[in-house]
Amino acid sequence: MGKSSKDKRDIYYRLAKEQGWRARSAFKLLQIDEQFKIFDGVNKAVDLCAAPGSWSQVLAKKLHKPDSQDVKIVAVDLQAMAPLPGVVQIQGDITKLTTAEEIIGHFKGESADLVVCDGAPDVTGLHDIDEYIQGQLLLAALNITTHILKQGGTFVAKIFRGRDVSLLYSQLKIFFPRVTLAKPRSSRNSSIEAFVVCQDYRPPVGFTPTMTNPLLDNTDCDWSQLEGIDRLIIPFIACGDLSGYECYDADTNYSLELDGKPYQYTAPAQAPLSPPYLEAMSLITKPGESVTQLPDGTNKSTS
């Protein structure tokens, strides 16, 4: 399996490289914004679980305009991430209060207009386990969001759809009157991922944000408004215009000569900083050789 076969297999992977995005997931946020206009009026945004940075790239491109003022974008991840112009990076844990305080510090004491999170665990292939771990990650993202998001703000996060996610929807509805499940066209139909778009942040009266986990335990609030899991229906919307590049199907194989244009290899916009495969490559090199990563993301064995 070489580079050309990967380009041929995934059209959005190929388009992401051609357009300079760090990952194909950039199209997911673009298509969500096309449907919900989540960037309108946003000056302060936070990207949780940001690495490798494609959603931060989208935020920087959409929010930093010639007439924009006081725009601030903060990206948070446990992993180190290559710098991005116009984006402040925090290498921290989203389950820690100190991380929330550091974010607010960058906003000079003000709250964020928008919080996005494309984080996901390393999947095992066991759907029940993957859904549970993803649900816990979403709750962690929601937890820190209650510390940093302003009244009326928007929260967008990845979720794994399954039979037991209605409780998560109910918990989100406590904080957001409008919760919609979005499936961008660039997200494969074969994937159980979708995105919750939570708008108009309105925490319950008397709610005090804490880093308690699980979120709804050990608080003084009245949670009687939590609806039964069998009575809550979250709207489901497929995002992505059918015109232009967005008409492509993420599950379809496309010819390398797309739209009559000859194929030309494009290097990734940003190679991984410390990919784990380098250690594996070093185990299969000949004695006296070492593996060096080139700027285009490829590897070269040297003596």
Quiz item: Going by a ≥ b ≥ c, the root eigenvalues of the Cα gyration tensor, does the stretch 1-142 fall in the rounded group (a/c under 1.5), the prolate group (a/b larger than b/c) or the oblate group?
Solution: oblate
Quiz item: Between Asp128 and Glu101, what is the label-to-label distance in nm when each label sits 7 Å out along the Cα-to-Cβ direction?
Solution: 4.1
Quiz item: Computed FRET efficiency, Cβ-Cβ of Arg163 and Ser274, R0 25 Å: what is it to the nearest 0.05?
Solution: 0.10
Quiz item: Excluding ligands and nucleic acids, what accessible area in Å² is computed for Lys61 using a 1.4 Å probe, to the nearest 10?
Solution: 140
Quiz item: For the cross-link pairs Lys28/Lys62; Lys37/Lys183; Lys17/Lys44; Lys17/Lys150; Lys65/Lys173; Lys183/Lys261, which exceed 24 Å when the distance is taken from alpha carbon to alpha carbon?
Solution: Lys17/Lys44; Lys17/Lys150; Lys65/Lys173; Lys183/Lys261
Self-check item: Phi to ³J(HN,Hα) by Karplus 6.51 cos²θ - 1.76 cosθ + 1.60 over the stretch 121-127, Hz, x for Gly, Pro
Solution: x, 6, 6, 9, x, 8, 4
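The values are calculated or read from the model by the stated rules, or taken from the named source; none is laboratory data. Not measured: the values here are computed from a predicted model. Heads up, the Cβs are rebuilt from the backbone with ideal geometry, glycines too, and the neighbour counts pull from every protein chain shown. Remember, those area values only see protein heavy atoms, side chains included, never the ligands or the DNA or RNA. Shrake-Rupley method; radii C 1.70, N 1.55, O 1.52, S 1.80 Å.
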